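Trainee: Sending over a structure as structure tokens; questions will come in a sec.
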Amino acid sequence: MTRRAFPLILVFGISVMTMMQGCGSYSFTGASIPPQARTISVSHFPNDAQLIQPMLSQRFTDELQDKFLRQTNLRLVDGVGDLHFEGSITGYSTQPVAITGDDRAALNRLTITVRVSFFNEYNTEADFQRSFSRYFDYDSNLSLSQIEDEAIELIVKELVEDIFNQAVVNW
């Protein structure tokens, strides 16, 4: 780098940082969080579905917390944070989805539905209460227990991504 280019790069860098500072709520992850927000809380999501998968509740709650800790500067707190999530798992079901000519299912579908309430202390217009649902299709020759761990992991990641986007990504 030449001596002439250095001052230009420095000025450009300072300008970009100043503009981002002025915006206050910009994040390189795409999250738009009020600049005064410092904390997040995620209440335990109980499993209220008819069919109960024992570890699903804890896995979902942990994954939602981890997503915000990994992709934001928010600090996790007990109680109610500046951004707060609560809700429950309302659906966990499997059903046939691709019926063949001889009335047999070629695929089954595991579906998980979560009811979420989100509260933003500094931007109440961002608050929401809604259900999120994702599914995993699997070969009907396999039992649910054979694919359950993989399916739950994938579905939970997708649900958490959907919830994160709804709460703090304003595209």
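Rule-based calculations on the coordinates, nothing more; no lab input. No experiment lies behind these values; they were computed from the predicted model shown. Because the Cβ atoms are built from the backbone with ideal geometry, glycine has one as well, and the counts that use them run over all protein chains shown.
Trainee: Give me the distance in nm between label points sitting 7 Å out from Cα along the Cα-to-Cβ direction at residue 153 and residue 53, one decimal.
Mentor: 1.2 nm
Trainee: Taking Cα pairs under 8 Å and at least six residues apart, what relative contact order does segment 34-168 come out at, in percent?
Mentor: Details: 252 pairs, mean separation 31.2, N = 135.
Relative CO of segment 34-168 lands at 23 percent.
Trainee: On to the next question. If all Cα-Cα distances of segment 34-168 are sorted into 10 Å bins from 0 onward, what percent lands in each bin, rounded to whole numbers?
Mentor: For segment 34-168, the binned pair fractions read 12, 40, 27, 14, 6, 1, 0 percent.
Trainee: Next question. Subtract the Cα-Cα distance of residue 109 and residue 139 from 0.36 nm times their separation in residues, and report this length gain in nm to one decimal.
Mentor: 9.9 nm
Trainee: In the neighborhood of residue 164, defined by Cβ-to-Cβ distances under 13 Å, what is the net charge if each Lys or Arg adds +1 and each Asp or Glu adds -1?
Mentor: Its environment carries a net charge of -2.
Trainee: Could you compute the net charge surrounding residue 80? Neighbours are other residues with a C-beta less than 15 Å from the C-beta of residue 80; K and R count +1, D and E count -1.
Mentor: Net charge in that neighbourhood comes out at -3.
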